[in-house]
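The block underneath contains the structure these notes are about, expressed in structure tokens.
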Amino acid sequence: MADRTTSSITIGAAPSTITAVIADFAAYPEWAGQVKSAKVLSVGDDGRPATVRFVLDAGVISDEYTLAYRWRGDEAVDWDIAEPGKMVSALTGSYRLAEAGGRTEVTYELAVDLKVPMIGMIKRKAEKVIVDTALKGLKKRVEGR
């Protein structure tokens, strides 16, 4: 797997409120800029989505793929590729949530491997755009509730 892109943001809400927004995949097109659609295919024993089919348009990376999710309460969620797309061959990521004084530090980590050759610098920039857009969109979505 390639190098990971990591970024953090502080959100004025409890981890349970944030994970509820993260788990609401149907709403992703409203706040996660590059996600055009997200459909939950299966749900785990905890009632949270286990596999989700995405349609992504992030400029240089446009594709459809399925991710498998593992939830650890309201502290973290990890995912990786369950069904690759035409461009995306591997994708792993996570949200880590740490509560501190009524606010929550959310760290998003992402690594994407592509089937098509792409200059590393361009791929890392695309990852950074995805991560930063997702964190800012998550913050706006949670705090605007």
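Give the carbon-plus-sulfur fraction of the accessible surface of the chain in %, rounded to a whole number; probe 1.4 Å, heavy atoms of protein chains only.
Numbers: 3740 of 7160 Å².
The computed percentage sits at 52.
Can you tell me the accessible area per residue over the stretch 1-131, all protein chains present, probe 1.4 angstrom, in square angstrom? Each step should come with its number before you reach the end.
Values: 6300 Å² over 131 residues.
Per-residue value: 48 Å².
Note the angle between two axes, namely the Cα long axis of helix 120-143 and the longest principal axis of the Cα atoms of the chain, as a number of degrees from 0 to 90, rounded to the nearest 10.
30
Normalized C-alpha radius of gyration of the chain, against 2.2 N^0.38 Å? Before the final figure, lay out the partial values.
Working: Rg = 14.4 Å, N = 145, 2.2 N^0.38 = 14.6 Å.
Scaled against compact globular proteins, the figure is 0.99.
What pairs from Lys36/Lys86; Lys86/Lys128; Lys36/Lys136 go past 19 Å between their alpha carbons? Don't skip to the answer; put the middle values down first.
Values: Lys36/Lys86 16 Å; Lys86/Lys128 21 Å; Lys36/Lys136 17 Å.
Long pairs (Cα-Cα over 19 Å): Lys86/Lys128.
Once phi is turned into θ = phi - 60°, what whole-Hz ³J(HN,Hα) does the Karplus curve with 6.51, -1.76 and 1.60 give for every residue of the stretch 66-83, x standing for Gly and Pro?
3J(HN,Hα) across the stretch 66-83, in whole Hz: 10, 10, 9, 10, 10, 9, 10, x, 9, 9, 6, 9, 10, 8, 8, 5, 9, 9.
Where a Cα-Cα gap under 17 Å defines reach, which aspartates and glutamates qualify for Lys139, not counting those fewer than 8 residues away within the same chain?
The qualifying aspartates and glutamates are Asp24, Glu30, Asp74, Glu75, Glu99, Glu105, Glu109.
The values are calculated or read from the model by the stated rules, or taken from the named source; none is laboratory data. Quick caveat, the model's predicted, so the values are computed rather than measured. Just the protein is used for accessible areas: all its heavy atoms, side chains included, with ligands, DNA and RNA removed. Shrake-Rupley method; radii C 1.70, N 1.55, O 1.52, S 1.80 Å.
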